[in-house]
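Peer 1: I have a structure I would like to understand better, so I am pasting it below and will then ask my questions one at a time.
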Amino acid sequence: SLATIRTGVSRDLRNSTYSRLLGKQMNWFTDSRKGDVMSRLTVDLNEVEVSVVGSIEVMFKSPLMIFISFAALLALSWELTLFAMLFLPISGIVISRLAKKLKQSSLRGKEELGSLSNILEETLSGMKIIKAFGAKSDFESRYESRNQEHFKAMRRMYQREYMSSPLSEVISLTVMAILLGCGGKIVLAGDTGLTGDWFIGYLVVFSQIIPPARALSDGWFRVSKGVASLDRIEEMFEEESESLSDGTVEFKKLETSIHFKDLGYSYGEAKVLDGVNLEIKKGEVVALVGASGSGKTTLSNLLVRYDDPKSGVIEVDGVSLSNLKVETWRNKLGVVTQDAILFNGSIASNISLSEENVDNDRLMKSAESAHVLEFANQMSDGLNAEVGDGGCKLSGGQRQRVALARALYRNPQVLILDEATSALDAASEHAVQQALDAAMKDRTVLVIAHRLSTVRKADKIVLMDSGRGVESGTHEELMSLG
């Protein structure tokens, strides 16, 4: 049952932290370091299991044994027992001081390990750049210096941890020696009528207190170490107090339009959107164009509701987007981002992402529409071919087409295309453009693009500049305006 408690607590803690991680807002992920988060959710969680949960048995068993022995000692001689107990507060102060220092050292060691994990994560994801730019020695020295700091912090921690056992040993033996001296004097004086065999019995009972007392103090040190890890996990989730509140209105389908009213948004001090007004009517294709940093992607992020605007409102059929149930709104969206994000698995599992009962006809249709079958049919496993970690086994254009097929598989009412053709060569772009044209039929579409070919067919083009919509109209109207 102890094994069940230990592993069960660990399992529940992992489930809970993972669930909280998924519930975080997008800007939290932008600010946090992936390696550090990984370290907290693996190493620190493991530390909690080993230290805190591993000490449960000691924490239950030891106090009971101490209590029974203490009651026997009081029955034998309450004066001598109270005298021996005078040393308890002194040992308690020494042990708690050391435990506090151990917790601080443990915290420092875990922080350094987080930095190490971060460099490791960056190395794995940026290996091409490290090799191409000859940055091997720079990364090596960065890793070595962080590793040295980790070594120092862990050495301090283990020194304090290893000190805890000899310290409790010294304290218990000192108390035993003092007791032996005082008790021996009382017996030899012969005034109290206490005999030698009685005193030996008393010492035997007293020696039974020492092992559980030592186990308790060692357990306390381990718990202090584990609490440091627990604090780090908790701190990670406390960094952001605000979270998106879920609305109450169920979104069924788009009836009239999506309306951006005086939309304002900022990252820290920097204003990204400054009073944007835009209406996208049902069935309309609206394209956003403009220089990098003009706020196009931020606008699409707010439409997906990764975050809420700082000022203004987005209305869907006259209802504020923040009043809609997030899940029901996102279920009707198809999103294709600039960097086509794929997950380890097959092409098919990436297209039917999060769907338990896969509709094979819809899967084939969306794969055909997004021109995925063109390259999938040349692979030995077809749509069951593995894409590798992050889709590394496919080319940029192929990844983009799988991402488009994933958006189409949901049969979305609103399609958001953020630079959907930016990673493609001319031939692939032509193929995907045909797929996009087919995908846009009878759908409300927000397109973000730099290339003219993508936006030429839009019903309305909005030119963004410094977080504002400065011009809008059809392709011909904007050309005539210059």
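The values are calculated or read from the model by the stated rules, or taken from the named source; none is laboratory data. Keep in mind it's a predicted model, so treat the numbers as computed, not measured. Reconstructed Cβ throughout: ideal geometry from the backbone, glycine too, with neighbour counts over all protein chains shown. With ligands, DNA and RNA removed, areas are computed over all heavy atoms of the protein, side chains included. Shrake-Rupley method; radii C 1.70, N 1.55, O 1.52, S 1.80 Å.
Peer 1: Could you compute the FRET efficiency for Val9 and Phe60, with r as their C-beta to C-beta distance and R0 at 22 Å, rounded to 0.05? Mind dumping the intermediate values first?
Peer 2: Working: r = 14 Å, r/R0 = 0.65.
After rounding to 0.05, the efficiency reads 0.95.
Peer 1: Also, quick follow-up: Relative contact order for the chain: what is it in percent, counting Cα pairs under 8 Å that are at least 6 residues apart?
Peer 2: Details: 679 pairs, mean separation 78.1, N = 482.
Rounded, it is 16 percent for the chain.
Peer 1: Expressed as cubic angstrom per residue, what is the convex hull volume of the alpha carbon set of the stretch 120-245?
Peer 2: 191 Å³
Peer 1: So for the stretch 281-411, averaging the separation of alpha carbon pairs under 8 Å that are six or more residues apart and normalising by length, what relative contact order in percent results?
Peer 2: Once normalised by length, the contact order is 29 percent.
Peer 1: Run lengths n ≥ 4 of DSSP H only: what is the helix-derived mean residue ellipticity at 222 nm for the chain, with -39500 (n - 2.57) per run over all residues, to the nearest 500?
Peer 2: -19000 deg cm²/dmol
Peer 1: Under 20 °C and 1.002 mPa s, how fast does the stretch 1-124 diffuse according to Stokes-Einstein, given a Kirkwood radius computed over C-alpha pairs? Answer in µm²/s, whole number.
Peer 2: 116 µm²/s
Peer 1: Compute the helix-to-body angle for 2-22: its Cα long axis versus the longest principal axis of the chain, expressed 0 to 90° and rounded to tens.
Peer 2: 30 degrees
Peer 1: Students often get this wrong, so try it: which of [x] 38, 23, 20; [y] 45, 26, 24; [z] 67, 24, 22 is semi-axes √(5λ) of the Cα gyration tensor in Å as calculated from the structure shown?
Peer 2: Structure-derived value, by its label: [z].
Peer 1: Another one. Could you work out the equivalent-ellipsoid semi-axes for the stretch 178-294, taking the square root of 5 times each eigenvalue of the Cα gyration tensor, largest first, in whole Å?
Peer 2: Values for the stretch 178-294, descending: 81, 17, 11 Å.
Peer 1: Another one. Over 23 Å, how big is the tail of the calculated P(r) for the stretch 332-411, in percent of all Cα pairs? Intermediate results must be reported in sequence, preceding the final value.
Peer 2: Numbers: 249 of 3160 pairs.
When all Cα pairs of the stretch 332-411 are counted, 8 percent exceed 23 Å.
Peer 1: Given Cα positions, please report Rg to Rh for the stretch 296-447, the hydrodynamic radius being the Kirkwood one. It would help to have the intermediate numbers written out before the result.
Peer 2: Values: Rg = 15.8 Å, Rh = 16.0 Å.
Computed over Cα atoms, the ratio is 0.98.
Peer 1: Pairs of alpha-carbon atoms within less than 8 angstrom and 6+ residues apart define the contacts here; what relative contact order does the stretch 1-126 have, in percent?
Peer 2: With pairs under 8 Å counted, the relative contact order is 49 percent.
Peer 1: Using the Cα atoms as the points, what is the convex hull volume per residue of the stretch 47-184 in Å³?
Peer 2: 99 Å³
Peer 1: Let me check something: with ligands and nucleic acids excluded, how do Val358, Val205 order by accessible area (1.4 Å probe), largest to smallest?
Peer 2: Reading off the accessible areas and sorting them downward yields Val358, Val205.
Peer 1: Quick one, can you get me the convex hull of the C-alpha atoms of the stretch 1-65 expressed as volume per residue in Å³?
Peer 2: Hull volume over Cα atoms, normalised by residue count, gives 86 Å³.
Peer 1: Please give the FRET efficiency for Asp274 paired with Glu235, using the beta carbon to beta carbon distance and R0 = 45 Å, rounded to the nearest 0.05.
Peer 2: 0.85
Peer 1: Sort Met464, Met26 by accessible area with a 1.4 Å probe, largest first.
Peer 2: Met26, Met464
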